[in-house]
Amino acid sequence: MKKILTVMFAAMLSLSAFAQGRFGPDSAECVKYLSYYLEYIKHGNNEEAFGPWRNAYTICPVTASQNMLIDGQKLMRWAYKKTKDAKTRQGYLDTLMMLYDQRVATYPKNTVAALNNKAIDINGFRWNEKNPQEVYDAYKQIFSVTGAQAIDLVYVKLMEYSTNLFAAGSLDASEVMADYTAITEAIAGSLAAKDDAKMRKAQKDVETLFMNSGIASCDNLLELLTPRYEANPDDEETLRAVVKMLSSADCLDCDLYLKAVEALYAKDPSSSTAYLLYKLYSRKDDPAQAVKFLQEAISTCDEADLAQQASYYLELGTYNYKKAGNSAAAVAAAKKAAEISDDYKGRAYLLIGTIWGTAHCAGNEIESKANFWVAYDYVTRAKAADASLTTEANTLAAQYQAYFPGQADAFMYDLVNGQSYTVSCGALRETTTVRTAK
C-alpha cells in the first residue's frame, strides 16, 4: 500500500503543471483522484478503484482524460456483474451507456470505435430489453453514425429490432423497408472496402430477417428491388440478391425476375442459373424453353454430383411427360436418372411404368394392350429398387394387370405366356414378356 501511495504522489506532482484548465476549477482534487484510481486499475483492483474513480468523475470535467471514461466503462461492467440487485444493475448499465455518449461527444476521433463497442455492450448486457423501442433507437443512432464502418452486430440487431417492432405494430412496412435498404447498402460498402466472412454472414442474416418479417410481399419487393437493380444491372451480387429474394417470395411472374435471371445466366451460365430459367419458363408454359434450360442445367452440372444429375434427369422426364407431351424423351430421361443413381432408380422406374400405362397404342387386340405388360414390368422393378414405393407400385400393377389380353386372344396370334414380345407404341419401343389375364 505504501508503494502505491508513493507512486500516486509522484504522479500527482507530474500532472500538476498541466492541472489548470484541462482538469477544471478543482484541478488538485481532480488530479489526486485520477492518480488514485489509476494505480488501483493498473494492479487489477477494481474494488479499490471504484470509489476514487467515482470521485474523479464527479470532480473532473470529461475533457480531463478519455481514459477516465474508458476506465469507467470497465468499472461499470465489473460492478454490474458483481451486483445482484436489478435496480442497481440497471443503474450501472445506464451509466455505461452515458459514458459511451460522453466519449463520443468529447472525443469525436474515436466515435466509430466507441459506438461499435456500445453496440456490443447493449447486446451483451441485454440493456433495456423490456423496452425494444429504446433499444431499436439506440442501434439506429449507432448505425446512423457508423454506416459502412459498423461491425456486423449493428446491422443484424438493427434489422432484428426493426422487424420485431413491425410485428408488434410499432413500425410500419415502409420504415422497415427503409431500414433494410440502408443496412444492405452499408454492408455492401463494407464488403467493397474489405471482404469479410462475418460481414457476409451478417448480410445473409439481415436478408433472412427481412424475408421472414411478413413484409416481403411481391409488391413491396418490387418497390425495394427495382431501383437497386436499375442502379446496378450488371452487378452479379445485385443480380443474385434480386433473384434470391424474388424466388424466396415466389414472385416469379414479374418482369424484374426474368430480367435478373437472364442477366445472371449471361454472366454465370451455371447449372443453378440454368435451372432457375427452366423453372421460370416452366411457369410461363413455354415447354421448348423450359426443356432447353433444364438440359443446360444437366450439361453444366458438376460431373461428380451424380445425385444432382439424376434429380435433374428425373425432373426432365416428368416435365416431358406431363407438360411437353414427349413420352419418348420422358422415358429416355428417366432411364438416365436410373442409370446414374440408385437413389433415383425406384422413382425413375415408376415414372416409366406410368408413362407406358397411360400410352394409347393402336393395333389389334394384342398391340393395343401390350403396353400394359411393359408398364407392369417397370412398376414391379420400381418397388424392388425402392421399398417405400411398394404400396403405390402394387396399386398400379393391379390396374395394369386388369388390361392384360385374354389367353384366347393371345392364342389367336400364336402367343403364349412367358414369350418375349417387342412393343412398339408411337415413338416408344420396349421388349417385354407376354402375360394373359387369368
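Find the helices (runs of 4 or more DSSP H) located wholly in the stretch 230-288 whose residues include 3 or more that are of a type in the set (D, E, K, R), and list them.
Here the list reads 236-248, 255-267.
Could you identify the single residue in Arg435, Arg429, Arg381, Arg347 that is surrounded by 13 or more Cβ atoms within 10 Å (Cβ to Cβ), basic (Lys, Arg) and either free of Cβ contacts under 8 Å to residues at least 24 places away in the same chain or more than 27 Å from Ala329 (Cβ to Cβ) (or both)?
On the way: Arg429 fails: surrounded by 13 or more Cβ atoms within 10 Å (Cβ to Cβ); Arg381 fails: either free of Cβ contacts under 8 Å to residues at least 24 places away in the same chain or more than 27 Å from Ala329 (Cβ to Cβ) (or both); Arg347 fails: either free of Cβ contacts under 8 Å to residues at least 24 places away in the same chain or more than 27 Å from Ala329 (Cβ to Cβ) (or both).
Unique residue meeting the criteria: Arg435.
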Exercise for the section: Can you confirm whether the stretch 184-193 contains a residue that is outside the structural domain of Ile120 (by TED's automatic domain parsing), touching a residue at least 40 places away in the same chain (Cβ under 8 Å) and in contact with a helix residue (DSSP H, G or I) (Cβ under 7 Å, 6 or more places away or on another chain)? Expected result: no
Problem - Residue that is modelled with the lowest pLDDT [pool: residues in the stretch 229-247 that are crowded, with 16+ Cβ neighbours inside 10 Å, more than 18 Å from Arg200 (Cβ to Cβ) and of a type outside the set (Gly, Ala, Ser)] - result: Leu246
Problem - Failed item, numbered, when Ser162 is tested on (1) over 21 Å from Thr181 (Cβ atoms); (2) under 24 Å from the mean Cα position of the chain (by Cα) - result: (1)
Practice task
Within the stretch 405-421, identify whether any single residue is under 19 Å from Ala330 (Cα atoms) and surrounded by 18 or more Cβ atoms within 10 Å (Cβ to Cβ), and answer yes or no.
Solution key: no
Problem - Residue satisfying condition, being out of contact with any Lys or Arg (no Cβ under 7 Å at 6 or more places or on another chain) and farther than 30 Å from Glu303 by Cβ, within set Thr432, Thr390 - result: Thr432
Problem - Which listed residue is surrounded by 14 or more Cβ atoms within 10 Å (Cβ to Cβ), assigned to a helix (DSSP H, G or I) and basic (Lys, Arg), from Lys323, Lys369 - result: Lys323
Fill in the blank from the handout: Counting only residues that are basic (Lys, Arg) and either buried (at least 21 other Cβ atoms within 10 Å of the Cβ) or closer than 25 Å to Gly325 by Cα (or both), the stretch 257-313 contains a total of 4
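Conditions (1) buried (at least 17 other Cβ atoms within 10 Å of the Cβ); (2) farther than 12 Å from Gln73 by Cβ; (3) of a type in the set (D, E, K, R); (4) touching a residue at least 60 places away in the same chain (Cβ under 8 Å), marked per residue:
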residue: Ala86; (1), (2), (3), (4): no, yes, no, no
residue: Ala105; (1), (2), (3), (4): no, yes, no, no
residue: Asn110; (1), (2), (3), (4): no, yes, no, no
residue: Leu115; (1), (2), (3), (4): yes, yes, no, no
residue: Ile122; (1), (2), (3), (4): yes, yes, no, no
residue: Trp127; (1), (2), (3), (4): yes, yes, no, no
residue: Lys130; (1), (2), (3), (4): no, yes, yes, no
residue: Tyr136; (1), (2), (3), (4): yes, yes, no, no
residue: Tyr155; (1), (2), (3), (4): yes, yes, no, no
Handout entry: Sole residue being in a helix (DSSP H, G or I), at pLDDT 95 or above, closer than 21 Å to Leu314 by Cα and in contact with a Phe, Trp or Tyr (Cβ under 9 Å, 6 or more places away or on another chain), chosen from Tyr376, Tyr400
Key = Tyr376
Problem - Looking only at the stretch 182-210, and only at residues there that are of a type in the set (Ser, Thr, Tyr) and buried (at least 19 other Cβ atoms within 10 Å of the Cβ), the one that is farthest from Gln149 (Cα to Cα) - result: Thr184
Handout entry: Failed condition for Val331, given (1) over 36 Å from the mean Cα position of the chain (by Cα); (2) without any contact (Cβ under 8 Å) to a residue 12 or more places away in the chain
Key = (2)
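The values are calculated or read from the model by the stated rules, or taken from the named source; none is laboratory data. Computed from a prediction, not measured in an experiment: that's the story for all the values here. Cβ: placed from backbone, ideal geometry, glycine included. Neighbour counts: every protein chain shown.
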